[in-house]
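Here's the structure we're looking at; comments come further down.
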Amino acid sequence: MITLILIAITVVVSLLALNNRRVADRLILWPPAIDRHHQYDRLITHGFIHADFMHLFFNMLTLFFFGRQIEGFMEQQTGTLWAYPLFYLSALVMAILPTYLKHQKDPNYFSLGASGAVSAVLFAFILLAPWSQILVFVIPMPAIVFAVLYVVYSIWMDRRGGDRVNHSAHLAGAAYGIMFMLIMEPQVLQHFLAELSRPRL
């Protein structure tokens, strides 16, 4: 249910921002607004707006399929509804934090989108089910294989640059998703390693 609420809020706010430049300008991650005007909320609000409809669609589609799984797992492990939204919102912050620190004084830098938090959700899921089949542009692929390719591609593109995609946030989000899961339930690591030892291609 919380995943659906997050998706609904993100869709509504994103559509508002796509049709109202003032809304987008207030919510987007613009480092000087944080550094000079202390608008720290931008570390979260940037994740509720998107560059275009396809950017929004792919992020929310991924969140729909994997967020519900992680939401259920976290509720079962903690006995509370608050662990998952705390995870998601903190992932927005932690995924963008390296970018913010790098561009803290850059008035020409902007970033938006839920990709960092969605990466956290996706990699949390991969810890639980590394051999599950996921579709990557309609191509079925084991989740763990996708994870490796995703990390390699993100590192390469982050160093190469030039495509206006915040690959650093993807990497930071993925790392945070793994870290959060292991801190919340350390036995997840043992489960992950056991699953890895039983390949199901």
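Heavy-atom surface analysis with a 1.4 Å probe gives the chain a carbon and sulfur content of 67 percent of its accessible area.
Please arrange TRP156, TRP30, TRP131 by accessible surface area, largest first, computed with a 1.4 Å probe and ligands excluded. Show your work: numbers first, answer last.
Working: TRP156 140, TRP30 65, TRP131 35 Å².
Correct descending sequence by accessible area is TRP156, TRP30, TRP131.
Excluding ligands, DNA and RNA, the accessible surface per residue across segment 45-201 is 53 Å² with a 1.4 Å probe.
The order of ILE70, ILE5, ILE183 by accessible area, most exposed first and with a 1.4 Å probe, is ILE183, ILE5, ILE70. In terms of accessible area, using a 1.4 Å probe and ignoring ligands and nucleic acids, THR3, THR45 rank largest first as THR45, THR3.
Counting heavy atoms of the protein chains alone, HIS37 has an accessible area of about 110 Å² for a 1.4 Å probe.
With a/c under 1.5 counting as rounded, go ahead and sort segment 77-184 into rounded, prolate or oblate using the C-alpha gyration tensor (a ≥ b ≥ c being the square roots of the eigenvalues; past the cut-off, prolate if a/b is larger than b/c, else oblate).
Verdict is oblate for segment 77-184.
Taking the Cβ-Cβ separation of TRP82 and TRP156 as r and a Förster radius of 25 Å, what is the calculated FRET efficiency to the nearest 0.05? With a Förster radius of 25 Å, E is 0.10. Note on ASP25 and PHE53: the extension gain reaches 8.3 nm, defined as 0.36 nm multiplied by sequence separation minus the Cα-Cα distance.
For the chain, the membrane-span-like helix rule (DSSP H, alpha carbon extent of at least 24 Å along the helix axis, mean Kyte-Doolittle at least 0.0) picks out 2-19, 53-78, 83-102, 143-160, 167-184; this says nothing about an actual membrane.
Between ARG198 and ARG36, the modelled labels are 5.8 nm apart [label points 7 Å from Cα along Cα→Cβ]. Dipole magnitude for the chain: computed about the Cα centre from +1 point charges on Lys and Arg Cβ and -1 point charges on Asp and Glu Cβ, it is near 380 debye. Could you tell me whether segment 1-107 comes out rounded, prolate or oblate from its Cα gyration tensor? Rule is a ≥ b ≥ c as square roots of the eigenvalues, rounded for a/c under 1.5, then prolate if a/b exceeds b/c, otherwise oblate. Oblate shape, in that a/c is at least 1.5 and b/c is the bigger or equal ratio. Label reach from ILE5 (point 7 Å along Cα→C-beta): in segment 89-110, amide nitrogens under 20 Å belong to 89-93. Candidates ASN59, LEU127, ILE155 compared by Cα position along the dipole of the chain: farthest toward the positive end lies ILE155, with charges placed on Cβ.
With contributions of -39500 (n - 2.57) from each DSSP H run of at least four residues, the per-residue ellipticity at 222 nm computed over the chain stands at -23000 deg cm²/dmol.
The values are calculated or read from the model by the stated rules, or taken from the named source; none is laboratory data. Model, not experiment: these values are computed from the prediction. Positions of Cβ are generated from backbone atoms using ideal geometry, with glycine treated the same way; all protein chains shown enter the neighbour counts. Just the protein is used for accessible areas: all its heavy atoms, side chains included, with ligands, DNA and RNA removed. Shrake-Rupley method; radii C 1.70, N 1.55, O 1.52, S 1.80 Å.
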